[in-house]
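Asker: Quick one: structure below, then a few questions.
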Amino acid sequence: MSDQIPDRNDALELLKKYNKKEGLIRHALAVESVMGHFARKFGEDEEKWRVIGLVHDLDYEMYPEEHCKKCVELFEEHHWPEEYIRAVVSHGWEICSDVKPESLLEKTLYAIDELTGLVASSALMRPSKSILDIKAKSVKKKFKTKSFAAGVDREVILKGAGFLDMELSDLITEVIAGMRPVAEEIGLKGNL
């Protein structure tokens, strides 16, 4: 790719070059879908939002100690636009990056990244093992149980909801809606 706007094919190719684990690919697909959902909701550039969602954890599998740092080099090698790179780096704000989310795209990515993991874990606990029948209320209950999906940073989710000026329940509802179209691809269709 040479100094052009990356599309989904570019993003998927790059993602799969640096990520082989099925769980990370599924997470990337979930975040991509949710970002697309929010782009439509906010009247933004859906392709751009989806592409950034797809590659947001580009460096996580191969360079976990350099997450949100190594990706800058990887994106630059492939001539990705600065705006896309900044958006990806900002999702690690106060965790592994000092780049604060500023644009609506960046704030949305920050808000939904951890939450997609909590929603997925909550769906897997259901008898149906599906995202297709889960409600925000049950995810919110799991949110309050600190030992459940303990790796999910609840503070990040709350800060993200604040960035978007959304109630937690509303944010959860939108994330669920954004994940449903890719239920099968992300292993959350369950037995429905």
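Only the coordinates and a few stated rules stand behind these numbers; no lab work does. Please read these numbers as outputs of a predicted model, since none were measured by experiment. For neighbour counting, all protein chains shown are included, and Cβ atoms are generated from backbone atoms with ideal geometry for every residue, glycine included.
Asker: Just to check I understand the Karplus step: with θ = phi - 60° and J = 6.51 cos²θ - 1.76 cosθ + 1.60, what whole-Hz values come out for the stretch 45-59, glycine and proline as x?
Answerer: Working through the residues one at a time gives 6, 4, 4, 4, 4, 5, 4, 5, x, 5, 9, 4, 10, 3, 8 Hz.
Asker: If you plug each phi of the stretch 20-37 into the Karplus form 6.51 cos²θ - 1.76 cosθ + 1.60 with θ = phi - 60°, what whole-Hz ³J(HN,Hα) values come out, in order, with x for Gly and Pro?
Answerer: Karplus values, whole Hz, x for Gly and Pro: 10, 5, 4, x, 6, 5, 4, 4, 4, 5, 5, 5, 4, 5, 5, 4, x, 4.
Asker: Is there a quick way to get the dipole size of the stretch 8-181? I mean about its Cα centre, with the Cβ of Lys and Arg at +1 and of Asp and Glu at -1; what is the value in debye to the nearest 20?
Answerer: 1240
Asker: May I pose another question? Looking at the stretch 1-101, which trypsin sites (Lys or Arg not before Pro) are in a loop (DSSP not H, G, I, E or B) and have at most 12 other Cβ atoms within 10 Å?
Answerer: Answer in residue order: K20, K21.
Asker: For the stretch 99-165, which GluC sites (Glu not before Pro) pass both filters: DSSP loop (anything but H, G, I, E, B) and at most 15 other C-beta atoms within 10 Å?
Answerer: E102
Asker: Please tell me the relative contact order of the chain in percent, rounded to the nearest whole number, where contacts are Cα pairs under 8 Å and at least six residues apart.
Answerer: Relative contact order, the chain: 24 percent.
Asker: To continue, here is another question. Just how far, in whole angstrom, is the stretch 59-117 from the stretch 1-39 if you go by their alpha carbon centroids?
Answerer: 13
Asker: May I pose another question? Stokes-Einstein at 4 °C, 1.567 mPa s, Kirkwood radius from Cα pairs: D for the stretch 8-181 in µm² s⁻¹?
Answerer: 81
Asker: Can you give me the angle between helix 154-163 and the longest principal axis of the chain, using Cα atoms only, in degrees from 0 to 90, rounded to the nearest 10?
Answerer: 70
Asker: How much mean residue ellipticity at 222 nm does the chain get from its helices, if each DSSP H run of length 4 or more adds -39500 (n - 2.57) and you divide by all residues, to the nearest 500 deg cm²/dmol?
Answerer: -18000 deg cm²/dmol
Asker: What's the exposure ranking of F38, F148, F143, F163, going from fewest to most Cβ atoms within 10 Å?
Answerer: F148, F163, F143, F38
Asker: A follow-up question, please. For the stretch 91-192, state which trypsin sites (Lys or Arg not before Pro) are in a DSSP loop and have at most 11 other beta carbons lying within 10 Å of their beta carbon.
Answerer: Answer by residue number: K146.
Asker: Here is a follow-up. Calculate one ³J(HN,Hα) per residue across the stretch 140-149 by plugging θ = phi - 60° into the Karplus curve 6.51 cos²θ - 1.76 cosθ + 1.60, and present them in order as whole Hz with x for glycine and proline.
Answerer: Listing the rounded values in order: 5, 5, 5, 4, 6, 8, 4, 6, 7, 6 Hz.
Asker: Additional query: What percent do you get for the relative contact order of the stretch 116-164 when only Cα pairs under 8 Å and 6+ apart count?
Answerer: Answer for the stretch 116-164 is 34 percent.
Asker: While we're looking at this one, here's another question. Considering the options W49, T173, L15, tell which one lies farthest towards the positive end of the dipole of the chain, charges being +1 on Lys and Arg and -1 on Asp and Glu at the Cβ, about the Cα centre.
Answerer: Of the candidates, T173 comes out farthest on the positive side.
Asker: Take the alpha carbon gyration tensor of the stretch 1-95, find the square roots of its eigenvalues, order them as a ≥ b ≥ c, and report rounded if a/c is under 1.5; if not, report prolate when a/b exceeds b/c, else oblate.
Answerer: Note, shape of the stretch 1-95 comes out rounded.
Asker: If you average 1/r over all unlike Cα pairs in the stretch 141-192 and invert the result, what Kirkwood radius do you get in angstrom?
Answerer: 12.5
Asker: Counting Lys +1, Arg +1, Asp -1, Glu -1, what net charge surrounds I172 among other residues with beta carbon under 11 Å of its beta carbon?
Answerer: +2
Asker: Towards the positive end of the charge dipole of the chain, with charges on Cβ (+1 Lys, Arg; -1 Asp, Glu), say which of Y60, Y84, S122 has the farthest Cα.
Answerer: About the Cα centre, the residue reaching furthest to the positive side is S122.
Asker: While we're on this one: Show which lysines lie in cross-link reach of K144 when reach means a straight Cα distance below 18 angstrom and same-chain residues fewer than eight apart are skipped.
Answerer: Partners found: K135, K159.
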